[in-house]
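Encoded as structure tokens, the structure appears first; notes follow it.
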């Protein structure tokens, strides 16, 4: 539950940052967009506590990083060290790490659970998918999406799997599948506020382009992001990277954007219509765009002195995978 809130908060924060971007670049009163972004994030958390049936009062009595929780986790770690075949214990440890935002350790715990369950435990697959998504800054990257699909195949009526599976389908442009999953979740009679959220997501699907037909030229950019050796020592595995495509000479939000961590570098990165900030402004075949990969040490999409970046021009629909080297420093 806490993971879902964190992902939702990140989505709200990213959306607010993108909206604030033009105001920040114009040099106007910067407190207005920043205050608006903070308000959106705080309200998203406030409203979700009213929408959920989770025992929030009990949660408040157990701080995520308090001594009691740390002692409980340490005891569980010790028990699993002597009894490594305890599937339920690994699942509990994974949930504990997620609450403590120790995502790398959560991935390790859920990996143990997946192996013990021989790949047939839906909770383990869901947990691993969530942990990978959180490590990627809230982005449902392909490995996480695959795990959500696995969870759905094992537990087709799992509400969380339907929710995240719907987001994964929408991300890759499969509107019909996303719609069917969210409609199935609505049929389970969730709280009215969750129904409203699902209705909003279903309405947003109407403005999304359909996934390309088999054999069609994909309207996407595929990138192999690398860091120049001379700059590699300045980064950490959890350093934030924003990869975004913009129309040359056009100010405002980018056409498509992803947020991830340095640790995610290595796998191809794809920008498509599913990564658009505004439904009416998407990537399309034949379009030449400027693509930037920026390591933001502030964690914000707006550039700051000392950030590392690289950029190139990409012809959508006419080029395959391109190497994008981060080799410059923002003055």
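Given the structure, is residue 254 touching a residue at least 12 places away in the same chain (Cβ under 8 Å) and closer than 22 Å to residue 132 by Cα?
Here the answer is no, as residue 254 does not meet what is asked.
Only one residue in 123, 130, 149, 118 is in a helix (DSSP H, G or I) and surrounded by fewer than 19 Cβ atoms within 10 Å (Cβ to Cβ). Which one?
The conditions single out 149.
Report yes if residue 140 is in a helix (DSSP H, G or I) and within 21 Å of residue 262 (Cβ to Cβ), otherwise no.
The answer is no for residue 140.
Criterion first (modelled with pLDDT of 85 or more and over 19 Å from the mean Cα position of the chain (by Cα)) does residue 248 satisfy it?
yes
Looking only at segment 282-331, which residues are loosely packed, with under 13 Cβ neighbours inside 10 Å, in a strand (DSSP E or B) and under 24 Å from the mean Cα position of the chain (by Cα)?
Selection gives 323 alone.
Have a look at 273, 267 and point out the one that is loosely packed, with under 14 Cβ neighbours inside 10 Å, within 17 Å of the chain's Cα centre (by Cα) and outside the structural domain of residue 104 (by TED's automatic domain parsing).
Just one listed residue meets the conditions, 267.
Between a residue in segment 97-119 that is in the same structural domain as residue 77 (by TED's automatic domain parsing) and under 18 Å from residue 135 (Cα atoms) and any residue that is surrounded by fewer than 17 Cβ atoms within 10 Å (Cβ to Cβ) and at pLDDT below 95, which pairs come within a Cβ distance under 7 Å, given they are 6 or more apart or on different chains?
Close Cβ pairs (under 7 Å, with a partner that is surrounded by fewer than 17 Cβ atoms within 10 Å (Cβ to Cβ) and at pLDDT below 95) amount to 98/2; 99/2; 99/64; 100/64; 100/65.
Would you mention how many residues in segment 58-78 are modelled with pLDDT of 85 or more and surrounded by fewer than 13 Cβ atoms within 10 Å (Cβ to Cβ)?
4
Please list, ordered by first then second residue, the pairs with beta carbon atoms under 8 Å, 6 or more apart or interchain, first in segment 231-242 and under 13 Å from residue 325 (Cα atoms) and in the same structural domain as residue 262 (by TED's automatic domain parsing), second surrounded by 17 or more Cβ atoms within 10 Å (Cβ to Cβ) and at pLDDT 90 or above.
That search, which allows pairs on different chains as well, returns 231/308; 231/326; 241/225; 241/293; 241/294; 241/295; 241/296.
The values are calculated or read from the model by the stated rules, or taken from the named source; none is laboratory data. All figures in this text were calculated on a predicted structure; none of them were measured in a lab. Here Cβ is always computed from backbone atoms with ideal geometry, including for glycine, and neighbour counts include all displayed protein chains.
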